[in-house]
Each structure stands twice: as structure tokens, then as C-alpha cells.
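Please read the structure below before turning to the comments.
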Amino acid sequence: MGQKLEIIKQNVIECTKCELSKTRLNSVPGKGNFHSSVIFVGEAPGKNEDQNGEPFIGIAGKKLSAALEEVGVTREEVYITNIVKCRPPKNRVPTTIERNTCQEYLRQEISIIKPKIICILGNTAFNSLLGGSEITKFRGKVVKKENQLYFLTVHPAATIYNQELIKVLSGDIKKLFELIAELKNNKEIKIDIDYSS
Ligand code: URA
Ligand code: SF4
């Protein structure tokens, strides 16, 4: 498993499949524990991530780490990645073409790690993976699509200047890990939106 992820990582590092390869400093492959029950999916690398080649290491990443810490989970225990692996200029939202070109890498990460649940962070991931919008309306919900469970929450960057959203993110992450505990015990969890039926 680790070896397969290592291959994806190398492919991402060398990738020139879309325009973002021309402006990035470093590609940012997914990072973390390949035995993780959950994959966190953000939007795209920002400035810090672009400079260092690691996902969620800037201010947004600190917010995510803090929310995880509150439930006793470290970054190293989970797997963290993004919809696109290279920074869009001026942090603009990645285009549909860029997302579609990059999606093969995320598809591979998911198929290797086989997470019990995928945690969608914010609108770009929500839209790219489930065709959704208005994450603030749907956050906290569990979605099932093609036999994969998803959990929806806000993007950690949205909490930077918003105290209310910090509480929302913390509460959602707490719920997420309660759900994961139930899934590990083979308990049925409540699906809020089922795209399969
Ligand atoms: N925002 C994201 O969506 N991803 C990162 O890796 C960092 C900030
Ligand atoms: Fe390749 Fe994805 Fe980077 Fe585009 S964003 S160059 S598809 S790794």
C-alpha cells in the first residue's frame, strides 16, 4: 500500500498534465497514514504548501490540526489531500479542467487507502466529488454515493476570521470521529443523503 502511494506521490511531483504545473513551486501530494479510516480532502495547496510540498501546513492547516487535537487525533494518524495537487495562482479556485485533470490522483489515493469515510472540507471538494454546493447548509451530514461514505464540513480556511465557524468545525470533527468509531464496530450509521438509491 505504502509503495503504491509512493508511486502516486512521485507521479504528482513530476506531473505536468495541467496549466498549474507552470506556476507552482512544488506539487503537493497527499500525506499521512495509509491505514487511516478517513481521508480529508481540501481544495488546493496555498502559498505555504506550494513552498514546502506538504498539504495543510499553513494557517488553515493549523485550524484543522487544532480541531483534530480536540478529539485526540494527530495529523500523522490520518490522511490529508486536496482536489488539485498544485497551487492555483493567487489562490484562485481551481477550474473544472484542472480538477478533472487532477482527479485521477485522488481516485487512486482513495482506491489504495479504502477509507471508511471521506471528509470533504469546503465547497470545492463538495462540488468536485459530489456535485454539491452551499456546504454551510449541508455540513455535518453523511452522504453515501457508489458505496462510499462521505462526511461534509466547512473548509478550515473559512474559520480563520470566524469564531462561530471554529466551533462548527470542531463539532463536526467530533461527530466525524464518533461515526468512525461506530463504523469500526460495524454499527449502522444514519445516512442523511443517499445518492445510490
Ligand atoms: N487549503 C487547502 O484547501 N489545502 C491545503 O493544502 C491548504 C490550504
Ligand atoms: Fe498535475 Fe494535478 Fe498538478 Fe495539474 S494540479 S499539474 S494535474 S498534479
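Here are some notes:
- Some residue of segment 44-66 being more than 28 Å from Gln148 (Cα to Cα), touching a helix residue (DSSP H, G or I) at 6+ places or on another chain (Cβ under 7 Å) and aliphatic (A, V, I, L, M): no
- Residues being closer than 24 Å to Glu6 by Cβ, near ligand 1 (Cβ under 9 Å from one of its atoms) and not in a helix (DSSP H, G or I) - total across segment 44-79: 6
- Note on segment 115-147: among residues that are assigned to a strand (DSSP E or B) and more than 23 Å from Lys9 (Cα to Cα), the one that is farthest from ligand 1 (Cβ to nearest atom) is Lys144.
- All told, Lys85 falls short of being free of Cβ contacts under 8 Å to residues at least 40 places away in the same chain and either surrounded by 20 or more Cβ atoms within 10 Å (Cβ to Cβ) or at positive phi (or both).
- Assessment of segment 122-134 against the conditions (free of Cβ contacts under 8 Å to residues at least 40 places away in the same chain, over 16 Å from Thr81 (Cβ atoms), within 16 Å of ligand 2 (Cβ to nearest atom) and out of contact with any helix residue (DSSP H, G or I) (no Cβ under 6 Å at 6 or more places or on another chain)) yields no matching residue.
- Matching entry among Glu49, Glu54 (being of a type outside the set (A, V, I, L, M), closer than 30 Å to Gln163 by Cα and out of contact with any Phe, Trp or Tyr (no Cβ under 9 Å at 6 or more places or on another chain)): Glu54
Condition check ((1) at positive phi; (2) exposed (fewer than 14 other Cβ atoms within 10 Å of the Cβ)) across all residues:
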site	(1), (2)
Ile117	no, no
Phe126	no, no
Glu146	yes, yes
Phe151	no, no
Ala158	no, no
Gln163	no, yes
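- Scan of segment 80-114 for residues that are within 16 Å of Glu49 (Cβ to Cβ), outside any helix (DSSP H, G or I) and away from ligand 2 (no atom under 12 Å from the Cβ), ordered by number: Ile80, Arg92, Val93
- Near pairs, Cβ below 8 angstrom, 6+ apart or cross-chain, from segment 16-34 (of a type in the set (D, E, K, R)) to any residue that is away from ligand 1 (no atom under 12 Å from the Cβ) and part of a strand (DSSP E or B): Lys31/Tyr79
- Criterion (surrounded by fewer than 20 Cβ atoms within 10 Å (Cβ to Cβ) and under 29 Å from Leu183 (Cα atoms)) met by exactly one of Gly72, Gly61: Gly72
- All positions within segment 8-43 that are assigned to a helix (DSSP H, G or I), in contact with a helix residue (DSSP H, G or I) (Cβ under 9 Å, 6 or more places away or on another chain) and aliphatic (A, V, I, L, M): Ile8, Val12, Leu20
Read the figures in this text as sums done on the coordinates, not as results from a lab. If you're wondering where the values come from, they're calculated on a predicted model, not measured in any experiment. When we count neighbours, we look across all protein chains shown, and the Cβ atoms used for this are built from the backbone with ideal geometry, even at glycine.
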